[in-house]
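> After the structure tokens below, expect a handful of questions from me.
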Amino acid sequence: EIKVLQGGEVVHACKTGADGMWRGPVRSAQNGPAGRLVIARKGESPAFVTSYWELPRSDSLKIYAYTDRPVYRPGQEVRFKGIIREFFNDLYRVPQQGEARVQVRDRRDTLVYSGSFALTRFGSFFGQFTLPEYAPTGPYYITCTFGGHTETVFFTVAEYRKPEFAVSVKMPGKQCVRGQKIKAKIKAEYYFGAPVAGAEVHYTVFRADYWFWPGREEFYGGYEEYGNHGEVVAEGTARTDARGEAEVQFLTEFKQPESNQPVDQRFTVAVTVAEKDGRTATGEGTIIATQGEFSIGVEPVSWVVTPGESARFKLTAFDYDGKPQRGVALNVAASRVRWEAGKETATAVTSKKVRTGDNGRADFSFAPEEPGSYVVKATGRDGRGNRITSATWIWVAGRGEYRGYRYPDLELFMDKKTYDPGDTAKVLINAEEEGAAALLTVEGRNLYEHRLVKLNSRSTLVEILIRPEYRPNFYVSVCYIKEKKFVTQTAEARVSLKQQ
């Protein structure tokens, strides 16, 4: 038996079908809160789940609003703008004319400003208001309402002073090869042009992993964890000279990678400069320390294959400006990974030497016979003899379980990162619990599909037909109950925009 409650009112009651599932519409309580409570009971065994998602009032409306600055001082003018679109049949269109209502409140929920604005022919609205001279500091929020849909954006009011001098940190370049000694030049200068001489400098050198995918345009520039400088590798103090300059030196030493995937390192020098009267300013500079003069990439065509099926890989060699490297000799090796006595061991399966073409690309393939996890590693050297390595993995999904693998509670592997409409996606479900009944859902803007999957073994392969409405991306979620504990995992994939 299932009951759905909203604000203490039962808005739906039903029973599950023969498969133990139920799906259907649920009405909304009049003037009730957005949250819902779902209670399921079989005999004396109850279970419940809560949902605090706001009930959608108009899924077809999208509002994007913003302010001209993130931070203001009391008494300053705040300018805002909003853009409204209707989402219909997977397309955005300009809505019919109407009025957008705007309210601004401070952190105490005091109304600061209110107004209504007619939409332009472009489906946008804009306005401005002036903060009181004694406006309290802290976060403020702007609520924009149109057609029953609401969007909220935030800004901050603060009593701040503009700094009187600026600090810059200049590196010798954007990229260097690991092991080099780097000289970072620090310069402190007043905004009217004079140097900040004799100022105390405190610097910290951070190191963090940096991933670069050569030959893949969407990843040019690399990937890093923004907002995270990484671990501290050096710090100290210095003093600016008569020209307002100071110098910091450090070695770009690599840390030992924690996985089979070697990565480059990002070094950041963060600096605080303090004048004699105590006023401070900050600055930072970054340099990428790489394995060599170019980067190697290796990526499987399919992340999940079956025993005996050809596992194909794309290899690339590009420099850090995105230029292909012709004629690079690569040694490619495939190994089967096993867990034995709590340790990871790799058994060589095959290897091959390949050379990149004019486009900086090459291919590699092999046909694994045994199920389990495999690592494919590509190694080459640049003109200076630096060893450059890149690695990836695939899963070979056979029947039953792979005894050399350390199974977690639950994990999902999808055979591709991007699909075309009409493709069939292979989803591998690995679970420590054998025999469990798992709920699999395909989700995006809507709940597209759901099915009950019996995990008869610890490795289960599921196929999903990719539909056009899944664009531009979708999620596959799997969950089950293990020893009264809810276990869930989600995987994401993209769908190309080309027509079926």
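The values are calculated or read from the model by the stated rules, or taken from the named source; none is laboratory data. Predicted model, so just to flag it, every value in this text is computed and none were measured. We place every Cβ from the backbone using ideal geometry, glycine too, and count neighbours over all the protein chains shown.
> Considering only residues that are in contact with a Gly (Cβ under 7 Å, 6 or more places away or on another chain) and surrounded by 14 or more Cβ atoms within 10 Å (Cβ to Cβ), look in segment 347-366 and name the one that is nearest to E411 (Cα to Cα).
R361
> Out of curiosity, is K353 under 30 Å from Q265 (Cβ atoms) and free of Cβ contacts under 8 Å to residues at least 40 places away in the same chain?
yes
> Return the residues of segment 429-460 that are more than 26 Å from the chain's Cα centre (by Cα) and of a type outside the set (G, A, S); say none if nothing qualifies.
E432, E433, E434, R451, L452, V453, K454, L455, N456, R458, T460
> Name the single residue that is surrounded by the most Cβ atoms within 10 Å (Cβ to Cβ) among those in segment 201-241 being modelled with pLDDT of 55 or more and among the acidic types (D, E).
Once the filter is applied, the top-ranked residue is D209.
> Test of understanding: among T50, T67, which residue is out of contact with any Ser or Thr (no Cβ under 6 Å at 6 or more places or on another chain) and at pLDDT 90 or above?
The unique qualifying residue is T67.
> Test of understanding: among E340, E309, E344, E293, which residue is under 15 Å from T389 (Cα atoms) and either surrounded by fewer than 21 Cβ atoms within 10 Å (Cβ to Cβ) or not acidic (D, E) (or both)?
Among E340, E309, E344, E293, only E293 is under 15 Å from T389 (Cα atoms) and either surrounded by fewer than 21 Cβ atoms within 10 Å (Cβ to Cβ) or not acidic (D, E) (or both).
> What's the number of the condition S302 fails, among (1) in contact (Cβ under 8 Å) with a residue 12 or more places away in the chain; (2) more than 30 Å from T460 (Cβ to Cβ)?
It is condition (2) that S302 fails.
> Further question on the same structure: Scan segment 106-152 for residues that are out of contact with any Leu (no Cβ under 6 Å at 6 or more places or on another chain) and assigned to a strand (DSSP E or B) and report the count.
Qualifying residue count for the region: 26.
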